[in-house]
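Computed from the coordinates by the stated procedures, all read-outs in this text should not be read as laboratory data. Just so you know, these numbers come straight off a predicted model, no measurement behind them. Please note: Cβ atoms are built from the backbone with ideal geometry, for glycine as well, and neighbour counts cover all protein chains shown.
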Amino acid sequence: MNYHPIFKKAKIWQRELINRTVLAPMSRVSATTDGMATYEMSKYYTAFATGGFGIIITEGIYTDASSSKSYDRQPGLINPDQCAAWEKITQSVHKSPTLIFAQLMHGGALSQCGENTLAPSAVQPVGMKSVSFGGEGSFPLPKEMSIEDIQKMQDGFIRAADYAHKAGFDGIEIHAANGYLLDQFLTPELNRRIDRYGGEIRNRFRVISEIITGIKDMVPESFIVGLRVAEGKVNDLTYRWSGGVETAKELASQIKLSRPDFVHVAVQTGEWERDSFYGDGTSLASVIREITNIPVIANGGFHNLEKAKTALNEKHADLLAIGKAALADPHWPIKTRDNLLTVPFHRNMLWPEATISHTLKIIHKLDTVES
Ligand SMILES: Cc1cc2nc3c(=O)[nH]c(=O)nc-3n(C[C@H](O)[C@H](O)[C@H](O)COP(=O)(O)O)c2cc1C
């Protein structure tokens, strides 16, 4: 059979992948209020494994009890009970030949739930909180993190990675994209520090490189440690670096030095070809791939198979992450490979709430209307 290149086998670090499809991380507001993953989440993630995804990246998981939580009913990985709850999910997913990575996330100034938020500098975020994630109104002015706050936050990521390994995940993804805390450190307009975590790119990236080193020192070599980066922000979709491709190259050079096992390049709007290019045929993904020689996952509207073929054939990326199309139909890989119809995404699946149960309700409703 002459399948689309997204269905070719691949490798990441030492692990074989059944194809090049990756489930993009998507927050689902469906954990218990004390951050425990649930049976509903287990069924949700298992469906992507039986649906044929090569890799599942979980929703962003919080990393410490004090300041990292991004919204109520977010899952955590900060204690043995939360670890045990995730273990049930990894065991269920591993009945299929799919890898599962935990996305570790600190919301920083963009938390939907806290009033006492932390950030590299005291800069109030633009935009409004999201109703679908339980937020309301504008974001509060965050407190500038002290060096002690930074160390505590980094320890949170390292401990959460250790819990992820104990819970049976194949790896983790450090969320440094989309305007959340680690991206706030990377972004000069949001990071006005004059210490070793502010100023030139090497300093702004330091907070991330120290986390990567700390995690790699903690877990076995076979455990995969990836990094997600992006230009756009959830609260500011049109944000772009002023330095264009030169900034992309500088960031890539820093990533190369810290040696994550993969890099995941996100496009917040879902329009990869519109928002990720620099006018010279290169994209943030291809610049990072070329400079680092590390496997790259690209993301943003890749349920469009023409777009997916171009990204793979023109070597912008090695793997492609699918978000909303997978949320609407977890069997997207198998159905697409076999030329079957998939359930299309509809915005009501996330409105007025982004919970798993709400999405299922809307899918059922659309199904009933269609038939
Ligand atoms: C409901 C929802 C929740 C999301 N939550 C996260 C998240 O927790 N972490 C993250 O890095 N990106 C998150 N994203 C962004 C997606 O990973 C992805 O970048 C975006 O949906 C674009 O990909 P797509 O065009 O395939 O949907 C979320 C997107 C959606 C729709």
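Take the range 72-102 and flag every residue that is under 24 Å from GLU148 (Cα atoms) and not β-branched (Val, Ile, Thr). Steps first, answer last, please.
Going residue by residue through the range 72-102, those that are under 24 Å from GLU148 (Cα atoms) are 76-79.
Matches in the range 72-102: GLY76, LEU77, ASN79.
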Practice problem: Keeping to the range 277-315, report how many residues are within 16 Å of the ligand (Cβ to nearest atom), without any contact (Cβ under 8 Å) to a residue 60 or more places away in the chain and of a type in the set (D, E, K, R). | Solution: 2
Quiz item: What's the number of the condition ALA160 fails, among (1) farther than 20 Å from ALA65 by Cβ; (2) out of contact with any His (no Cβ under 6 Å at 6 or more places or on another chain)?
Solution: (1)
Quiz prompt | Breaking point among (1) away from the ligand (no atom under 16 Å from the Cβ); (2) at negative phi; (3) of a type in the set (Phe, Trp, Tyr), for TRP13 | solution = (2)
Practice problem: Working only within the range 154-182, note down all residues that are away from the ligand (no atom under 16 Å from the Cβ) and either part of a loop (DSSP other than H, G, I, E, B) or surrounded by fewer than 24 Cβ atoms within 10 Å (Cβ to Cβ) (or both). | Solution: GLN154, ASP155, GLY156, ILE158, ARG159, ASP162, HIS165, LYS166, ALA167, GLY168, ASP170
Quiz item: What is the one condition in (1) in contact (Cβ under 8 Å) with a residue 60 or more places away in the chain; (2) touching a Pro at 6+ places or on another chain (Cβ under 9 Å); (3) within 16 Å of the ligand (Cβ to nearest atom); (4) not aromatic (Phe, Trp, Tyr) that THR50 does not satisfy?
Solution: (3)
Quiz item: Within the range 178-219, how many residues turn out to be closer than 13 Å to ALA109 by Cβ, among the acidic types (Asp, Glu) and more than 19 Å from the chain's Cα centre (by Cα)?
Solution: 1
Practice problem: Say whether the condition of being more than 13 Å from the ligand (Cβ to nearest atom) and surrounded by fewer than 20 Cβ atoms within 10 Å (Cβ to Cβ) is met by at least one residue in the range 316-330. | Solution: no
Practice problem: Identify the single condition in (1) surrounded by 23 or more Cβ atoms within 10 Å (Cβ to Cβ); (2) among the hydrophobic types (A, V, I, L, M, F, W, C); (3) free of Cβ contacts under 8 Å to residues at least 24 places away in the same chain that ILE61 does not satisfy, given that it satisfies every other one. | Solution: (3)
Quiz item: When only residues in the range 66-109 that are of a type in the set (D, E, K, R) and within 16 Å of the ligand (Cβ to nearest atom) count, which is surrounded by the fewest Cβ atoms within 10 Å (Cβ to Cβ)?
Solution: ASP72
